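The values are calculated or read from the model by the stated rules, or taken from the named source; none is laboratory data. Since this is a predicted model, take the numbers as computed values, not measurements. Because the Cβ atoms are built from the backbone with ideal geometry, glycine has one as well, and the counts that use them run over all protein chains shown. Accessible surface areas use protein heavy atoms only, side chains included; no ligands, DNA or RNA. Shrake-Rupley method; radii C 1.70, N 1.55, O 1.52, S 1.80 Å.
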Amino acid sequence: MTEMQPMARQRAGDADPGTPPPDDEPIGLDAFNAALKAKVKGTRKPLVLWDRLKVLLALSAIFAFFVAKTTDDYPLAPVSDAIDITASDKRWFIWLMTFECLRQLHFIVCEHWAGYHEFWGNRIFAGVNRRVARINDWNRYRLGRVMKWLSILAVFSVISADIQDVPAYRGLPELLSSIIDGLPTIIRLLFFVMFGMFQFIAIFWFLSKGGIDTYFPEDIKTRFTDVWGQDHVLDRIKENVVFIEDPDSIEDKGGYVPAGILLWGPPGTGKTLIAEAVAGETKRPFVFVDPGAFINMFMGVGVLKVKSLFRRVRKLAVRYGGVIVFFDEADSLGNRGMVAPGGFNHTHPFGPGSPGVGPSPWADRPLCNGLSYLSESSASAVWRADLDARFRGADHDAPPDKQRRIMMGGMGGGGMGTLQSLLTEMSGLKKPRGFMNRVVRRVLGLRPKPPPRYRLLVMMATNMPDALDPALLRPGRIDRMYRVGYPSKEGRVRTYEGYFSRIRHELNDEQIEKLAVMTPYATGALIKDMVNEALIIAIRDDRDTVCWNDVITARHLKRLGPSENIDYVERERHAIALHEACHAIAFYRLAGDVTIDLATIEKGMGYLGMVSAVKIDEHFSNWKSDYEVDIMVSLASLVGEKYFYDGDNSSGVSADLRGATTIAAMMEGYWGMGSTISSHAVSLEIGQTGRPQGTERDPLRGSLGQRIEEDLRALYDRTRKLIIENRYEILAVTHALETHKTLAGEDIAAIIDGVEGPMIDGRRYHTDEFRAMAEEYHAAAVVAHRTHGSTDEGLPPLDPPDLEIAAAAVPAPATAT
Amino acid sequence: MPLVLVVIVTGCGEPSHEYLQKKEVGAYLKVPSDWHVVDEATLLDATPNLSPIARFEFEELGWVVAASPGSISAPAGGPVDSDTNFPLLQITVQPLNRTERGGVSLNQMRSYAFNIGSLPAGSYELFIDGDTPLDNGFRAIRRAVTLPNASGVPITFDAIVATDPDTLRLYKFSVSCTAQCYVDNADEIAEIFDSLHTEEP
């Protein structure tokens, strides 16, 4: 019987937090208070009930086993006789239990009588206690484990001996002998079990193998010089390359190699290319993780894939001195509860609502494409308002926060523990590895060896960074985040030059630069695609050299998509052209830092016509005046239709009105651009509107609605004035649109200003003859509109016709495909 | 803790019965704990002309044991010596040889229990003679006879003879003592026979 001083035990527990606490260490606040009280009184620290009873319970369990065996041996004996027989056969066991009872009684007395405790602790066991206290924590822990194992083996030996009717000391050898005798049977059973397990293991093994490709240094030819237009990102990335090639340069100074990089930005901007270039420059293996790798049919396969991936990565890191893991479209990993990514694509290179981006969300029937001429910020606000309204549509009575929960939680891929597993692996690289190291060494009482230092660079790419789990982005997992945005003008010029250098072409430097200006948000992928489309057009024309017209045609085709090639009836064509001309004129007259990209009345996917714009300069903030311009451009269609059709207007203005109203509401209620100062968002949150929190369902009917209406009315009047002042210019653009269906921004400007444009001579629209002809034609169109008939002569042609170049330069996209 | 104390206290007591059993032959019965038992080794030691091989075979396949509340001993070369005023329980299980297996009739079993065929009529009283049910398909008969010994004291022999379902062994459980003793200890003897349990080993 050994007894450790409470203080010594306390010290032992404090010294090594990693060491399991001694068995009789009370846990919890009550136990702590009890120990403190005992220390003050000089008594023994009280044992918790479990510690007091566990040995007795273990002995009782063994005795119960013996009794059960006696009952089996003596079928005629009742339990009472079995107990008697057992006790009589195993007197030593009764003595052992008696001894344990006495030991616990001794402890109980020690816990209540300081003098008794002092006598035993400081006199009888003083020497033993001193020796135990001198043993360091780790050795004490190992000693404890050895004692524990010896006790377990002794119990096994006794039980085995009893079963086999041999002396206790032969219990273990006999047990071993029995096991060896039964080994063939055991192996046979194991084989059946393993065979069953193997089928599952094999299935999961195969399932966990797809979606991960490893490229070795000799396979990767991409270098930084292959990445064009992203110099500012490359400069930063090169820093990381230096560190992964020479980790000592930062680790010797007390730092660590950044282990994770997130590249985020619009699609096609070269994120994957950059990652490949990093692998190519560092001459390290490149592990490419497919976006769909973690989308699995069965639960748990994703977790297996993550573990398998990191096992492979660690091996490669050790073998090659480093490895780069690239997760493409990292948003597919999903998150664990954030608002799911909205499909907000207003940053599409050619503006929101572009073909390929998807139709305007409220375009249940084809309308004017209202988003195309708005600023990014306005388009964003309109998009979000519309999405919000759509999701609320499912449950109008639910408060806004609850309605939004339609999109909450676990969206995306991953799921079922995959993301959690990835997080663990990304931050668990310092754990000891290997069965022998972790388990066998620990069983032997040895500390596991630390793992080698893995040089691992995790790179992720996404165009939806909001969809990533915040835990994934914390420093230590992702240390650096770089935005891979649209290339600058210089970058675009270089990219165009790069792709044009691969084909035969007639473009000069000036044209390439102009092309870069005309495509402000073009990414590397888009430029590559456009150049290729131009080449296809040239080949279709039996040429192998791309000319300027091929490029412009390709751009229009890519910009608008294939036309539906529908011919409107004459009066509808005129109305649509007039509608778009009003937008174009308002835009041209009002917008300062944005220019018209093109206007069209060719029916496309989800729209009848559209006017789109491109930025002249990059800017990142928007002002009240900018939003007012957006609203006026939106309202121009309504104003124009009412003005030119004597108060009548089409439903085609609905999208424009929705956009204008949304922007006006945001200005008045949220952006501080209205007649009041308070934010409507705060009013909703704290219920100052007089309604319960978040339940205002129709703000447009309240005071906010009145203010919005007043703002829109004022802007409407300004727009009307503008439309009236530009009556002839509108009719001119209408005529040109009806004639050519699609007009480039420069040509629209030429028509409005009466100058020669690249394709159209605008001077011919500023003659008295044209004005008279246009007025006459418009009057006939209005009459046809009222009578649902048609004009007598149709669209009057200009005499002489437009420049020959116009017909060649702006072909109908539908025919091109 | 109290449970453990109960176990400890209980452990200091003695079993209420002495259990006579041998799993190898599948025979179990109990006698009161104050009975004296002469174990198999002692009895075999006393058996004359028993070769080591025969002894080994008997130990493996058969069983012999005797018990009595009175004095009992196993003198070398003789039968078990006991006070006839106390019941003497003798159990003998002997393996049957190949020719005997499967061919033990009830009459043979009755004769093995107590052969009264050679006794003159009226010299004995047969008061039990018939089948008796045993566990697990064992066939058994019970025969009880009272007849005077050489001193003219009436002695009662009560025996159950059984065979296992495969007729590999012949079991004999017999109690003998004076007729008066048999009457006096009828309950105890009945309890012993009632506790008899057989099963295939």
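Quick notes
- Largest-first ordering by accessible area, 1.4 Å probe, given options B:Phe86, A:Phe198, A:Phe99, A:Phe224: A:Phe198, A:Phe99, B:Phe86, A:Phe224
- Prolate/oblate/rounded label for segment A:515-647 (Cα gyration tensor, a/c 1.5): oblate
- Set of lysines with alpha-carbon distance to A:Lys721 below 18 Å, sequence-local pairs under 8 removed: A:Lys642
- Spatial separation of Cα centroids for segment A:111-164 and segment A:462-540, in angstrom: 73 Å
- Cross-link partners of B:Lys23 among lysines (Cα-Cα below 27 Å; sequence separation of 8 or more within a chain): A:Lys69, A:Lys90, B:Lys172
- Computed over neighbours whose Cβ is under 10 Å from that of B:Leu61, the net charge equals -3, Lys and Arg +1, Asp and Glu -1.
- Under the shape rule built on the C-alpha gyration tensor, where the axes satisfy a ≥ b ≥ c, segment A:131-205 is oblate, since a/c reaches at least 1.5 while a/b does not exceed b/c.
- Residue-wise HN-Hα couplings along segment A:765-782, as the Karplus relation 6.51 cos²θ - 1.76 cosθ + 1.60 with θ = phi - 60° gives them from phi, are 8, 10, 10, 5, 4, 4, 4, 5, 5, 5, 4, 5, 5, 5, 4, 5, 5, 5 Hz; Gly and Pro carry x.
- Scalar couplings 3J(HN,Hα) for segment A:188-198, obtained by applying the Karplus form with A = 6.51, B = -1.76, C = 1.60 to θ = phi - 60°, are 4, 5, 4, 4, 5, 4, 5, 5, x, 5, 4 Hz; x denotes Gly and Pro.
- Efficiency of FRET between B:Glu199 and A:Tyr256 - r from beta-carbon atoms, R0 51 angstrom, step 0.05: 0.10
- Accessible area, probe 1.4 Å, largest first, for residues A:Met530, A:Met518: A:Met518, A:Met530
- In summary, the aspartates and glutamates within cross-link reach of A:Lys253, defined as a Cα separation below 17 angstrom excluding same-chain residues under 8 places away, comprise A:Glu239, A:Glu245.
- B:Ser195 exposes around 20 Å² of accessible area when a 1.4 Å probe is run over every protein chain in place.
- Subtracting the Cα-Cα distance of A:Ile203 and A:Thr424 from 0.36 nm times their residue separation leaves 77.1 nm of extension gain.
- Accessible heavy-atom area order of A:Tyr777, B:Tyr112, highest first, probe of 1.4 Å: B:Tyr112, A:Tyr777
- With at most 16 other Cβ atoms within 10 Å, longest stretch of chain B clear of loop trypsin sites (Lys or Arg not before Pro) (DSSP): B:102-201
- Listed residue pairs exceeding 30 Å between alpha carbons, taken from A:Lys603/A:Lys624; A:Lys221/A:Lys449; A:Lys39/A:Lys148; A:Lys271/A:Lys624: A:Lys603/A:Lys624; A:Lys221/A:Lys449; A:Lys271/A:Lys624
- Neighbour net charge for A:Phe224 - beta-carbon separation under 11 angstrom, K R +1, D E -1: -3
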